[in-house]
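Engineer: I'd like to ask some things about the structure below.
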Amino acid sequence: MTSLRIPLLLLLLLLGLTGCEKTPGIHKETLYVFGTLVEISLYDVAPEKAAAVVGELNQTFRKMHEDWHAWKPGALTELNSAIARGETVETLPSIIALIERSRELSQLSGGLFNPAIGHLVGLWGFHQDDLPKGSLPDFDRIKERVAANPTMDDLILDGTQVASRNPLVKLDFGAFAKGVALDEAVRILKSRGITNAIVNAGGDLNVIGRPGDRAWKVGIRHPVDWGVIASVDLADGEVLYTSGNYERFREHEGIRYAHIIDPRTGMPVTHIVSASVLHRDGGLADAAATALSVAGPPGWEKVAEAMGLDHVLLVDDNGTVYATPAMIKRVTFEPGEAKRMVVSGQP
C-alpha cells in the first residue's frame, strides 16, 4: 500500500523464527496487503479457527487499505481534495481517529513526525509502488511546500467533519498507519480467543503471549547487508518497529535519496540508517521510529524522552549504534557488531 509506504518504509526486521512453519503447534498464514507481505503466526490454534480469524484480518486490512490510501481513489483522497479546495468535508470515523492520534504524536515529536506533508512525499515520488526514477524534484517547489508549513494542527475537526486552515495540508499516514493496523489485528485476535501469536508486516511486528516455553525471538536487521545486527526476545504485548532509509529510496547520478523526509527542510534524511523502537503501542512505535530517524544523532535523545520511549536503538551511516540503557539490556548483538556505541545518559 503506497499511501502507507508500508512495503519499503518498514521492511527492516528479520523475524527470528525462520522455518517456523515447520515448528509443531505454529500455524502460519501470509497475506499480501498494504503492498507488502503480512505474516500471521498463530500458536496452538486449530486450523479451522486459524483460517477463520486470518480471513477476518484480511478483510480488515483490505478495508483499511481502501479507506486510508492517500493516492488512490477513496475516503482519504476525497478528504485531501476537499482540503486543497478549502472546503469542509465529512469523512470516516477511522480517519478522524487517525488524525487525532497522529496530531498528538506529531506534537510530542516536535513536528518531526508529520503526516501533513503528503505534497513533499509526492514531489519526491515516494507515493508510488515502484522506486522513483528520473530527475530530482523541483527544489523551488520543495521550498514553497516547506515554507507553507503544513501541520496536523492546521486541521479543524467537528465530529466527523474536517476542514483545514492551510490548503497545502495533504495527509499521508504512511509513517504511522501500519502500527495502527497491527494494533487492531492484535485486538481482533484477542477477541477471538487467540492467546499466542505474532503479526509481522514487512518486519514490523506485534506479539501476543509466547510460542510454547520460549519467547518470540526477532532480529533487528543489519542496515548495510542482509544479516542481523542484534536480536531481542519480545514479551507478551510488546511491539518492535524499525524505520530505515536503505529499502525505499531514489537514486540519481550515483546518489541515493532516502524516502524519510525531514519536514523542516523537505529533504531526505542522510545521517540515520535505521531507528528501532520497542514498545507496547504499535502506532506510537511506528511514528516514533520515523521521528527518531529525522532527529538523528543531535536530537534523538530529546525526541525519545518527549515521546516517552525507554527502548530505542539507532544506527547511523558510519555504523555507530545509539541506544537507551534499557534497550542495551534487552538486545543481544551479533559478534563484531556495535563496535562504536553511544548510550544515552552516559558520557
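Engineer: Right, LEU11: at pLDDT below 50 and within 14 Å of LEU205 (Cβ to Cβ) or not?
Structural biologist: Spelling it out, LEU11 is indeed at pLDDT below 50 and within 14 Å of LEU205 (Cβ to Cβ).
Engineer: Among residues belonging to region 100-132 that are in a loop (DSSP other than H, G, I, E, B) and modelled with pLDDT under 95, point out the one that is nearest to SER164 (Cα to Cα).
Structural biologist: HIS127
Engineer: If you go through region 86-99 one residue at a time, do you hit one that is in a helix (DSSP H, G or I), within 27 Å of SER191 (Cα to Cα) and in contact with an Asp or Glu (Cβ under 8 Å, 6 or more places away or on another chain)?
Structural biologist: Yes, some residue in region 86-99 is in a helix (DSSP H, G or I), within 27 Å of SER191 (Cα to Cα) and in contact with an Asp or Glu (Cβ under 8 Å, 6 or more places away or on another chain).
Engineer: For region 201-213, how many residues are touching a residue at least 12 places away in the same chain (Cβ under 8 Å) and farther than 20 Å from MET327 by Cβ?
Structural biologist: 7
Engineer: Can you confirm whether region 157-178 contains a residue that is aromatic (Phe, Trp, Tyr) and over 14 Å from MET267 (Cα atoms)?
Structural biologist: There is at least one residue in region 157-178 that is aromatic (Phe, Trp, Tyr) and over 14 Å from MET267 (Cα atoms).
Engineer: Taking region 14-44 as the search range and keeping residues that are in a strand (DSSP E or B) and polar (S, T, N, Q), which one is modelled with the lowest pLDDT? Let's see the steps before the verdict.
Structural biologist: Applying the first criterion (in a strand (DSSP E or B)) to region 14-44 yields 14, 26-33, 36-43.
Now drop any that are not polar (S, T, N, Q), which leaves 30, 36, 41.
Details: THR30: 92, THR36: 76, SER41: 94.
If we take residues in region 14-44 being in a strand (DSSP E or B) and polar (S, T, N, Q), then THR36 is modelled with the lowest pLDDT.
Engineer: Of VAL294, VAL331, VAL303, VAL273, which residue is surrounded by fewer than 24 Cβ atoms within 10 Å (Cβ to Cβ) and within 25 Å of PRO150 (Cβ to Cβ)?
Structural biologist: VAL303
Engineer: Scan region 36-54 and report the pairs whose first residue is farther than 14 Å from LEU205 by Cβ and free of Cβ contacts under 8 Å to residues at least 24 places away in the same chain and whose second residue is crowded, with 22+ Cβ neighbours inside 10 Å and of a type in the set (Val, Ile, Thr), with Cβ atoms within less than 9 Å and a gap of 6+ or a chain change.
Structural biologist: As it stands, the answer is ALA50/ILE40, since those pairs meet every condition given.
Engineer: A follow-up question, please. Sort out which residues of region 51-70 are within 21 Å of the chain's Cα centre (by Cα) and in a helix (DSSP H, G or I), and write them in order of number.
Structural biologist: Narrowing region 51-70 to residues within 21 Å of the chain's Cα centre (by Cα): 57-70.
Selection gives LEU57, ASN58, GLN59, THR60, PHE61, ARG62, LYS63, MET64, HIS65, GLU66, ASP67, TRP68.
Engineer: Of the residues LEU157, LEU182, which is touching an Asp or Glu at 6+ places or on another chain (Cβ under 8 Å), in a strand (DSSP E or B) and at pLDDT 95 or above?
Structural biologist: The match here is LEU157.
Engineer: With the requirement that a residue be part of a loop (DSSP other than H, G, I, E, B) and of a type in the set (Ser, Thr, Tyr), what does region 280-332 give you?
Structural biologist: Within region 280-332, the first condition is being part of a loop (DSSP other than H, G, I, E, B), and the residues that meet it are 280-281, 307-310, 317-320, 324.
Selection gives THR320, THR324.
Engineer: Let me ask something else about it. One residue is enough: does region 43-50 have a residue meeting the conditions surrounded by 15 or more Cβ atoms within 10 Å (Cβ to Cβ), under 16 Å from ILE156 (Cα atoms) and more than 17 Å from the chain's Cα centre (by Cα)?
Structural biologist: No, every residue in region 43-50 fails to be surrounded by 15 or more Cβ atoms within 10 Å (Cβ to Cβ), under 16 Å from ILE156 (Cα atoms) and more than 17 Å from the chain's Cα centre (by Cα).
Engineer: Here's something else I'd like to know. Quick one: which residue in ASP310, ASP316, ASP262 is surrounded by fewer than 22 Cβ atoms within 10 Å (Cβ to Cβ), out of contact with any Lys or Arg (no Cβ under 6 Å at 6 or more places or on another chain) and under 21 Å from VAL228 (Cα atoms)?
Structural biologist: Exactly one residue qualifies, and that residue is ASP316.
Engineer: Same structure, new question: Quickly run through region 220-239 and pick out the residues that are within 17 Å of the chain's Cα centre (by Cα) and either surrounded by fewer than 19 Cβ atoms within 10 Å (Cβ to Cβ) or outside any loop (DSSP other than H, G, I, E, B) (or both).
Structural biologist: Those that are within 17 Å of the chain's Cα centre (by Cα) and either surrounded by fewer than 19 Cβ atoms within 10 Å (Cβ to Cβ) or outside any loop (DSSP other than H, G, I, E, B) (or both): ILE220, ARG221, VAL239.
Engineer: Being surrounded by 16 or more Cβ atoms within 10 Å (Cβ to Cβ) and free of Cβ contacts under 8 Å to residues at least 24 places away in the same chain is the filter; apply it to region 60-98 and report the residue that is nearest to ILE117 (Cα to Cα).
Structural biologist: Looking at residues that are surrounded by 16 or more Cβ atoms within 10 Å (Cβ to Cβ) and free of Cβ contacts under 8 Å to residues at least 24 places away in the same chain, I get THR77.
Engineer: Please find, within region 240-282, the residue that is nearest to the chain's Cα centre (by Cα) out of those that are small (Gly, Ala, Ser) and modelled with pLDDT of 80 or more.
Structural biologist: So in region 240-282, the residues small (Gly, Ala, Ser) come out as 243-244, 254, 258, 266, 274-276, 282.
From what's left, modelled with pLDDT of 80 or more: 243, 266, 274-276, 282.
Working: SER243: 6, GLY266: 19, SER274: 12, ALA275: 11, SER276: 10, GLY282: 8 Å.
Only one residue fits best here, namely SER243.
Engineer: Tell me, yes or no, whether region 61-82 has at least one residue that is out of contact with any Pro (no Cβ under 7 Å at 6 or more places or on another chain) and farther than 30 Å from ILE188 by Cβ.
Structural biologist: First, pick out the residues of region 61-82 that are out of contact with any Pro (no Cβ under 7 Å at 6 or more places or on another chain): 61-82.
Within this subset, residues satisfying the condition of being farther than 30 Å from ILE188 by Cβ are 81-82.
Looking through region 61-82, at least one residue is out of contact with any Pro (no Cβ under 7 Å at 6 or more places or on another chain) and farther than 30 Å from ILE188 by Cβ.
Engineer: Restricting attention to region 166-208, and to residues there that are farther than 23 Å from ASN114 by Cβ, of a type outside the set (D, E, K, R) and surrounded by fewer than 19 Cβ atoms within 10 Å (Cβ to Cβ), which single residue is nearest to the chain's Cα centre (by Cα)?
Structural biologist: Once the filter is applied, the top-ranked residue is ILE188.
The values are calculated or read from the model by the stated rules, or taken from the named source; none is laboratory data. Because the structure is a prediction, the values reported are computed rather than measured. So basically every Cβ, Gly included, is an ideal-geometry build from the backbone, and we count neighbours across all protein chains shown.
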